[in-house]
Amino acid sequence: MERNYVIGVDFGSDSVRSIVVDTADGRVLATSVFAYPRWKKGAYCNPAKSQYRQHPLDHLEGLEKTIVAVVQQSGIEPKLIKGIGIDATGSSPMPLQRNGEPLAFAPEFAEDPDAMMVLWKDHSAITEAEEITRLAKSWGGVDYTRYSGGMYSSEWFWAKILFIYRNNPAIAQAQPNWVEHCDYIAGELTGLLTPESIKRSRCGAGHKGLWHASWGGFPSVDFLKKLHPELATLVQMMGDETLTSDQSAGNLSAKWAEKLGLSADTVVAVGTIDAHAGAVGAGVKPGTLVKVMGTSTCDMLVAKYDEVDPEPVPGISGQVDGSILPELIGFEAGQAGFGDFLAWYKRLISDPVFELIQQSKLLEPQLKDQLTAEISDKLMGYLNAEAMTIPLDSSVIAVDWINGRRSPGLNESLKSALAGLDMGVGNGHVFKALVEALCFGSKRIIEWFRQNGVRIDEVVGIGGIAKKSPFLVQTLADILDMPIGVSASEQTPALGAAIYAAVASGIYPRLQDASDAIASPKQEEYHPIAANVEYFQRKYQEYLALGGFLEFGADSAS
C-alpha cells in the first residue's frame with residue numbers, strides 16, 4: 001500500500017524546524033533546523049525598550065532551506081508528501097502591503113523595525129493594552145475582553161499595532177494589512193496573501209485578536225476607531241471569517257512548489273500558534289493539561305461544551321470555540337517568564353566572569369572563547385545539580401513574575417522577588433528557589449482552572465526544559481501533587497502541525513484519528529514524593545503571601 005507523508009513546520013523564537021512525518025505511525029523521517037541570522041545578531045531589537053522584532057527574510061529563508069533539506073534527507077517521492085502544516089509564535093503580527101508583500105520589503109521601510117514582525121515577547125505596548133482593557137469595559141458596547149480572561153495583553157495583536165501606529169505615523173499612513181505570523185507563512189506558501197484571500201487562523205484570531213462568533217468576528221469599527229482611526233481601516237480589510245487549523249488554506253503555489261521540489265497538489269493547512277500545535281502533538285484531550293515549557297509557558301486545555309460553565313473563565317489568556325481541537329473549547333493560560341527566569345539568573349552570575357575572562361592577559365584569544373563557551377554550555381547543568389543537593393527546608397523563596405504575570409489575572413507591571421537570604425545562601429539555594437517559584441506559579445494556574453469548573457486529570461510537559469531538567473519536572477510533580485508525563489518527541493509542535501496537515505490534506509477524516517496515529521507517546525512520568533508534597537503545601541502558602549505583598553502591599557500579607 002502506498003504510504004502518505006506530511007511536513008510539519010514549527011517557527012520558534014530563535015529558529016525554524018521542519019520535519020517529515022509518516023502518517024501511518026508518526027515516525028519522523030527527517031529533521032532540519034535553521035537559526036534566524038538577523039535575529040541572532042540582534043537586528044531591529046532593543047531589549048532595554050522590550051522591543052523584539054524579526055525580519056521576514058529570516059523566516060522565508062528558513063522555510064525554504066529546512067523544507068528542501070528534509071525532502072532531500074527523507075528520499076521520499078515529492079508526490080507522496082500530501083500536506084504541510086505551519087505553527088508559529090503568537091501573537092507575532094506583521095504588516096503586509098496590499099499586494100501581500102511584507103511592508104519591510106518596501107524600500108522606504110527596509111530598515112524600519114516597526115515594519116518587521118513584532119515577536120510575541122515584545123512588551124512595549126503595556127500602556128496600549130491597558131487602554132484597550134479599559135475601553136472594552138467602559139465604551140457602552142460589547143466587552144471584547146470577555147473571552148480573553150477579562151483583560152488584554154501587550155503581547156497581543158491590537159495592542160502591538162496601536163503602539164506602532166502611535167509612535168510611527170508613517171506605518172499607520174501606509175495602511176498595511178496586519179496578519180499573524182502563522183497566517184503569513186500559510187499565505188506565502190499558497191500565494192493567497194491579499195486582504196481578500198488570506199486565511200486567518202481561529203487560534204490566532206480568537207486568543208490574540210479579540211475574535212469571537214458571538215459578536216460577529218473581530219471588534220467593531222466603532223470600538224477600534226476610539227483607539228486609532230487606522231485600526232478601523234484595518235479591521236475592514238480583515239473580514240469576519242476564521243478557520244480551524246485542520247482545514248485547508250489552499251494548495252502550494254507554483255512558485256513555492258518549484259522552490260521546494262514538491263507537487264502543486266500539496267495542501268497547506270491553516271496556520272496555528274506553536275503552543276496549540278504542541279498540545280496536539282502531545283495528544284491533548286479533555287482533562288489533559290499540556291504544559292509547553294520554554295522561554296515562557298503556555299498551558300493548553302480543551303473541554304467539551306457540556307462539561308464547563310457557559311460563563312467564560314476570567315483571568316486566563318483566552319477560551320475559543322474550535323481552537324486547538326475543532327468542536328471543543330480551547331483554553332490557554334501560562335507564565336510570562338519560565339526558561340527566561342532561569343536564563344536571567346545564569347546571565348547574572350556568568351556575565352561578569354565572561355567579561356573578566358575576555359580581559360585576562362593570561363589567556364590567548366582562542367582559549368578565552370573556548371573557555372567561555374564551555375562554561376556557558378555546562379552552567380545550567382551545574383546549577384541543576386547544585387540545587388538538587390540543597391535540603392528541602394531551604395528558607396529562600398522567590399516569586400516568578402520576572403516578566404510580569406500572565407495568568408491568572410494578567411498584570412504585566414508586576415515584578416519578581418527573592419526573599420529569605422542569609423550569608424549561608426549559595427547558588428544552589430537561589431536556583432532551587434527560582435525553580436520552586438515557577439512550579440508554584442503553575443500550581444496557581446491549575447487551581448484557578450479547577451475553581452472555575454475546568455477538569456484537569458493529568459499534566460504533560462513538552463519543550464526543552466521538560467526534557468532537560470528532571471529536577472524541575474520532579475519539583476513540579478511534588479508541588480502539583482500530580483504525575484507529570486513528558487512527551488517523547490523532540491519536535492512536539494512540529495508534530496502537531498503535521499497532524500493538522502494530515503487532516504487538511506484528507507489523509508484522515510478527523511483530527512482525533514490523526515492524533516491517535518501520529519501524536520507523541522510519553523517518554524517518562526514523574527510521580528510526586530509524599531514527604532515533599534506535604535512540605536511544598538506549606539511553602540506554597542508562603543509563595544502566595546510574598547506575591548500578595550508584592551502586588552498589594554503589607555496589608556495583604558498580614
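Computed from the coordinates by the stated procedures, all read-outs in this text should not be read as laboratory data. On a predicted model such as this, the values are computed, not experimentally measured, just so you know. Ideal geometry is used to build each Cβ from the backbone, glycine not excepted, and the neighbour counts take in all protein chains shown.
Would you mind checking the pairs 259/285; 121/346; 40/225; 255/468; 208/432; 160/255 and listing those with alpha carbons more than 28 angstrom apart? Over 28 Å apart, Cα to Cα: 259/285; 40/225; 255/468; 208/432; 160/255. With the helix formula -39500 (n - 2.57) applied to DSSP H stretches of n ≥ 4, the chain reaches a computed 222 nm mean residue ellipticity of -13000 deg cm²/dmol. Relative contact order of the chain, taken over Cα pairs closer than 8 Å and 6 or more residues apart, is 16 percent. Under the criterion of Cα pairs below 8 Å and six or more residues apart, the relative contact order for the stretch 37-136 equals 34 percent. Ranking 54, 195, 365 by Cα position along the charge dipole of the chain, where only Lys, Arg, Asp and Glu carry charges on their C-beta atoms, puts 365 farthest toward the positive end. Neighbour counts of C-beta atoms inside 10 Å place 395, 92, 469 in the sequence 395, 469, 92, starting with the fewest. Plainly put, the stretch 1-121 has a radius of gyration that is 1.06 times its Kirkwood radius, both from alpha-carbon atoms, as the Rg/Rh ratio. Sparsely packed loop sites in the stretch 82-173 (the GluC sites (Glu not before Pro) outside DSSP H, G, I, E and B with at most 14 other Cβ atoms within 10 Å) comprise 111.
Name the shape class, rounded, prolate or oblate, that the alpha-carbon gyration tensor gives for the stretch 192-316, where a ≥ b ≥ c are the square roots of its eigenvalues, rounded holds for a/c under 1.5, and otherwise prolate holds if a/b is larger than b/c and oblate otherwise. The shape class here is oblate. Each Lys or Arg adds one and each Asp or Glu subtracts one; over the other residues with Cβ under 12 Å from the Cβ of residue 541, this totals +3.
For GluC sites (Glu not before Pro), the sites in the stretch 271-370 that DSSP calls loop and that have at most 14 other Cβ atoms within 10 Å are 327. The stretch 483-558 and the stretch 7-56 have their alpha-carbon centroids 22 Å apart. Ordered by the number of other Cβ atoms lying within 10 Å of each residue's own Cβ, fewest first, 156, 39 fall into the sequence 39, 156. The residues 305, 535, 184, 44, when put in order of fewest to most other Cβ atoms within 10 Å, stand as 305, 535, 44, 184. For the stretch 404-488, the relative contact order works out to 27 percent when only alpha carbon pairs closer than 8 Å and six or more residues apart are counted. By definition, a body whose alpha carbon gyration tensor gives a ≥ b ≥ c is prolate when a/c is 1.5 or more and a/b is larger than b/c, and the stretch 120-164 fits this prolate description. Applying the criteria of a DSSP loop state and at most 12 other Cβ atoms within 10 Å to the trypsin sites (Lys or Arg not before Pro) of the stretch 427-472 yields no site.
Each Lys and Arg Cβ is given +1 and each Asp and Glu Cβ -1; about its Cα centre, the chain then shows a dipole of about 460 debye.
Going by the alpha-carbon gyration tensor, a ≥ b ≥ c the square roots of its eigenvalues, is the stretch 94-253 rounded (a/c under 1.5) or, if a/c is not under 1.5, prolate (a/b greater than b/c) versus oblate? Oblate. Among beta bridges identified by DSSP and lying wholly in the chain, the antiparallel ones come to about 70 percent.
With the charge dipole of the stretch 446-558 set up from +1 on Lys and Arg Cβ and -1 on Asp and Glu Cβ about the Cα centre, the Cα lying farthest toward the positive end among the listed residues 448, 545, 504 is that of 504.
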